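J.: Here it is: the structure, laid out below.
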Amino acid sequence: MKKVRFTNGVQGKGFAAALVLSIAAVGISSYAAYSGAVKSAEKTKELAEEYEDNVFIYTEPAETVNAEQTGIPKEAPAITGEVPLTAEEEETAEPTLADEAGLIFKSPKTMPIADAEVINPYSAGELVKSETLGVWKTHDGVDIAAPVGTAVAAMMKGKVTDVSNDPLWGISVVIDHGDGVVGHYSSLAESVAVKVGQEVSMGEIIGQVGNTADVECKLEPHLHFGVTVSGAWTDPIAFVES
């Protein structure tokens with residue numbers, strides 16, 4: 001008959017004790033880690049609260065600025081107007097851009113057609129009803145009535161920059177008169193007397209009145225005359241008379 005061997009009791013007890021110690025060690029380590037994390041979080045919170053309580057923005061009271069400095073007024077006097085130049089400064093001062101641009105307004109000018117009737121004035125940005133198109137739109141020039149074939153002159157000296165047959169404004173001549181001033185002469189007859197690049201003088205004939213502007217074809221024959229200053233439309237009559 002085969003005998004069954006039993007494990008030594010002492011050895012079994014030793015294994016159980018070792019297992020218990022291992023579990024205890026793991027538990028102690030976990031508790032220590034958890035306790036450390038909690039304490040770290042509490043410390044972080046305390047530091048944050050302390051920092052928040054001690055942060056402030058310092059603004060020096062306005063009335064104390066320069067209070068201890070002598071000879072400095074608390075409120076500087078307001079400067080009004082321009083400081084006048086001395087006679088010596090006026091003689092040596094270079095002309096400003098405004099002065100140079102102003103020369104063009106003081107230059108001699110003439111109406112493209114003398115003693116002619118203006119049948120449609122400059123609308124100054126206001127909407128007016130177009131007799132031809134039947135819509136409300138701005139009128140950025142003036143319409144000067146004259147029989148077909150009437151001579152059209154340059155309002156002042158300048159250089160021709162464009163001669164074209166515009167789809168809306170018909171035969172047109174554009175002249176750069178200098179200092180940002182540009183003259184637009186439209187609804188001309190086909191017999192244009194100038195070409196691109198040509199220098200013209202005030203009163204020089206550039207073409208004749210036609211009836212070529214489709215956008216204003218229901219009006220009697222006329223010259224559509226416009227002026228821009230630095231790219232902005234302005235009243236041609238007021239400009240010529242300035």
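Every number here is computed from the coordinates shown, using simple stated rules; none is lab data. In this text the structure is predicted, and so the values were computed from the model without any measurement. Every residue, glycine among them, receives a Cβ derived from its backbone with ideal geometry; neighbour counts consider all protein chains shown.
J.: Return the residues of segment 195-210 that are in contact with an Asp or Glu (Cβ under 8 Å, 6 or more places away or on another chain) and surrounded by 15 or more Cβ atoms within 10 Å (Cβ to Cβ); say none if nothing qualifies. Talk me through it step by step, then tell me what you get.
T.: Quick first cut of segment 195-210, residues in contact with an Asp or Glu (Cβ under 8 Å, 6 or more places away or on another chain) only: 196, 210.
If the condition is that a residue be in contact with an Asp or Glu (Cβ under 8 Å, 6 or more places away or on another chain) and surrounded by 15 or more Cβ atoms within 10 Å (Cβ to Cβ), then GLY210 is the only one that fits.
J.: Considering only segment 137-151, state which residues are more than 14 Å from VAL240 (Cβ to Cβ) and touching a residue at least 12 places away in the same chain (Cβ under 8 Å).
T.: Across segment 137-151, the qualifying residues are THR138, HIS139, ASP140, ASP143, ALA145, ALA146, PRO147, VAL148, GLY149, THR150, ALA151.
J.: Now for a separate question. Looking only at residues in segment 134-166 that are within 30 Å of the chain's Cα centre (by Cα) and polar (S, T, N, Q), which one is farthest from HIS224 (Cα to Cα)?
T.: Step by step, filter segment 134-166, then rank; the result is THR161.
J.: Can you give me the number of residues within segment 183-229 that are assigned to a loop (DSSP other than H, G, I, E, B) and over 14 Å from ASP143 (Cα atoms)?
T.: Looking only at that region, the number is 14.
J.: Could you list, ordered by first residue, the pairs with Cβ atoms under 6 Å in which the first is in segment 168-195 and touching a residue at least 60 places away in the same chain (Cβ under 8 Å) and the second is loosely packed, with under 15 Cβ neighbours inside 10 Å and small (Gly, Ala, Ser), at least 6 apart or interchain?
T.: Partner pairs satisfying both residue conditions: GLY180/SER230.
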